1. Would you be able to say whether some residue in region 347-364 is closer than 19 Å to residue 224 by Cα, surrounded by 19 or more Cβ atoms within 10 Å (Cβ to Cβ) and under 30 Å from the mean Cα position of the chain (by Cα)?
2. From the set of residues in region 373-408 that are modelled with pLDDT of 55 or more and not in a loop (DSSP other than H, G, I, E, B), which is surrounded by the fewest Cβ atoms within 10 Å (Cβ to Cβ)?
3. Tally time: how many residues in region 293-318 are out of contact with any strand residue (DSSP E or B) (no Cβ under 8 Å at 6 or more places or on another chain) and under 17 Å from residue 422 (Cβ atoms)?
4. Would you mind stating whether residue 213 is touching a strand residue (DSSP E or B) at 6+ places or on another chain (Cβ under 7 Å), under 26 Å from residue 260 (Cβ atoms) and not assigned by TED's automatic domain parsing to the domain that holds residue 393?
5. For residue 353, work out the one condition from (1) closer than 24 Å to residue 195 by Cβ; (2) without any contact (Cβ under 8 Å) to a residue 12 or more places away in the chain it doesn't fulfil.
6. Tell me yes or no: at least one residue of region 82-89 is modelled with pLDDT of 80 or more and surrounded by 11 or more Cβ atoms within 10 Å (Cβ to Cβ).
7. Of all residues being without any contact (Cβ under 8 Å) to a residue 12 or more places away in the chain and assigned to a loop (DSSP other than H, G, I, E, B) in region 319-348, which is farthest from residue 418 (Cα to Cα)? Just the residue, please.
8. With respect to residue 170, is the statement that it is more than 30 Å from residue 215 (Cβ to Cβ), assigned by TED's automatic domain parsing to the domain that holds residue 211 and either modelled with pLDDT of 85 or more or in contact with a strand residue (DSSP E or B) (Cβ under 9 Å, 6 or more places away or on another chain) (or both) true?
């Protein structure tokens, strides 16, 4: 192509571009501005052109390029060497000498704080180190006012629960409508039994309450496919307003979940403390929880094997032992073994004595190669209120059944536990007789 043809082509392209630009609304104003600016100050026009080009490039360019390779290309052995040489900083710095000394001398208060507080060493001291300016900590009126909105009922007693609900509805008749909740566990952590969910839903509909069901221990264990108490008792999950739970139970992960209607979950997410949702679950734990659910769905034999092992363990302990009975429901892999009522009554055992006996059973089983534990809970404070003194968590042995053992191993472990309990109880009986 000769120079004349090139000039003709460029001139034609320029005329076409100029004609198209003139059709744009406001183009004439822009042209006059550029002409006037160039005549008065051509340097400023050039600077403005550079800024416009830079601005257009900035808008069109991505924040970072995913296509570019690393500027420094490292071999695999070089990467391994850098990783080996890297020393991470400790999550928590080492304590100074003063901090260690302060920790050793830190007083531990046993029970509620007040003007006179009891320390862990048994001494009662005058407490001038807490922000209790008006002694509100010991004000019974404030305590009673704070717990007036709570209503307790007999554990698992639906008739008693209905009585409490009737009382609440009667007290709030004619007042502004408030949110009223029934909070229950799918599997109770301290007793091992479960609630009558169909009856609970019936009461909820009758008295206009909402249900919050904690399925920490029932999710992954109850039901044909491990979906929890709703599946085990044939209850539509949509009839439960909110299902919550931890992923650290049967799923062996971490974090928790909240399931329900979209409006309920959104309200929970917006109203909850900000750190609840800003502290994201680590990716490894999230994937672990998701993968365990997938394994349960794709391999239902795991549930069947675990339940077979539960039956095998119960056969060795509950009907055959003269000393303990299991309070857990048959499908619960966490078997809670409490001393039989007649044993406690015959020996007049206090709570502390029961705890000591059960700890001896744990030690004896461990000496024979089986590791179990006790049910460990926070003791009730006598200052909570007189109405809470009537019921306390009964001391219990905790046996967690797994599908990772064969039925023969489970039966052998059950025999070991039963013999350990018998040995401890008969030994204590002979000591008492002597």
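1. No, region 347-364 has no match at all.
2. 408
3. 2
4. yes
5. (1)
6. No, because not a single residue in region 82-89 is modelled with pLDDT of 80 or more and surrounded by 11 or more Cβ atoms within 10 Å (Cβ to Cβ).
7. 348
8. In short, yes.
The values are calculated or read from the model by the stated rules, or taken from the named source; none is laboratory data. Being a predicted model, the structure only gives us computed values, none of them experimental. Cβ sites come from the backbone with ideal geometry, for glycine too, and all protein chains shown count toward neighbours.
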